[in-house]
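Laboratory data are not the source of any read-out in this text; all were calculated from the coordinates shown. Predicted model, so just to flag it, every value in this text is computed and none were measured. Glycine also receives a Cβ, built like all others from the backbone with ideal geometry; neighbour counts cover every protein chain displayed.
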Amino acid sequence: MENYIEIAHKFANGCPIKSVKRFGSGNINDTFKVELESKISKAYILQRINKNVFKEPKLIMENMKTISDHIASRIKLEDHSQHQWEIPQILKSENGLNYYQDDQSSFWRAITFIPHSQTYEKLEKPAFAFEAGYSLGKFHKLLSDLDISVLHDTLIGFHIAPEYLKKFDLALNQTARDLNCEITQYCINAIQQRRQRIDILEKAKAKGILKERPIHGDPKIANILFHQSEDHSLGIIDLDTVKPGLVHYDIGDCLRSCCNLLGEDTQSFDKVTFDLTICQQVLSGYLSQVRDFFVSADYQYLYDCIYLIPLELGIRFFSDFLAGDPYYKIDHPKHNLYRGLTQIKLCESIENQKSEINQIIKKAITKLSHEEQ
């Protein structure tokens, strides 16, 4: 840990460091919480960016600076009668930059730690469902007037489901894995059966039906900040994947994360269910924030993103397993296989409840219409 403490000093602004400990459970970057011996600022988050995933980390930092400045200016205009909501702010290193590169060319950055905040790997309380949707909706709302041309696309092809299908085909043809395994065959068959609908959002984008906006890219429940002792959200974190895209990617990702109460790492595959009550609450929270910039087509494709994003993530996890796990961190040899199956089971649950989900969407839209009258 000595090297981490040395790196931590680069962002500590001369304050003595009390401790540096691993923090969170992210699949990509190495994250640490740095505790300071200071009365002004008690902690911050230190991260080593995974350069195998993010090839140009400086562009990530430029995106973070752009959106944090924009959101800060928008929040100043907001009604402050509501509770605190924010995103982490970037800290500068001792050389005046918003990052630090060590002797091994590792890329480090530091961001503020939001006090009284807590994250969860799965939805711990029913009240969190509305708040998760609210936080994502507020994020989209605050960035809805930001010109996407000022954002870098730091992950080309991210959330483009047809491209992930191509990678699946390639991994399937080149894999050294045993394809006779029952779970492996189940995943292969499930993906093959759903090939025809994989491009539904991309087709809508290509036709101009859906338009790109600033998106978070990874708004799973673990990236929503909640107050430690009160049932409300404080903000949203993990902004590495912010880029131009369809807000529907974010909506689907938030819902698939919140509505699977067993979480991403369950092995109770036959019990994986898309929870309709949670779905209704997340959508209500989200739609309460986006009504000013949503158009009819945005509402029209809500079911499609709810269905598609778990399928997409299932393909990504399973393809990573077939390729030898080069992308996602794993805790055991079949971790990505099990993750992929979990998302596929979630997709199946969504398919089996299509009419109910569409009713939830319809009622949420009708409620908004009545409130506006």
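Here are some notes:
- Only lysines eight or more places from LYS354 in sequence, or on another chain, were considered; those with a Cα closer than 16 Å are LYS345, LYS362, LYS363.
- Cα centroid separation - the stretch 294-358 against the stretch 258-279, whole Å: 12 Å
- SER268-LYS367 pseudo-label distance in nm [points 7 Å out on the Cα-to-Cβ vector]: 2.7 nm
- Extension gain, LYS354 back to ARG74 (0.36 nm per residue minus Cα-Cα distance, nm): 97.1 nm
- The label-point distance for ARG291 and ALA176, in a model that sets each label 7 Å from Cα toward Cβ, rounds to 5.7 nm.
- One entry in [x] 60, 58, 39; [y] 84, 56, 54; [z] 60, 50, 37 is Cα extents along the principal axes in Å calculated from the shown coordinates; its label is [x].
- Each of ASP169, ASP199 was scored by other Cβ atoms within 10 Å of its Cβ. Arranged with the fewest first, they read ASP169, ASP199.
- Hydrophobic long helices, here whole DSSP H runs in the chain with Kyte-Doolittle means of at least 0.0 and Cα atoms spread over 18 Å or more along the helix axis, are found at 127-143, 276-290, 302-322.
- Taking Lys and Arg as +1 and Asp and Glu as -1, the other residues whose beta-carbon sits under 10 Å from that of TYR328 total +1.
- The ranking of LEU261, LEU172 by Cβ neighbour count inside 10 Å, starting from the fewest, reads LEU261, LEU172.
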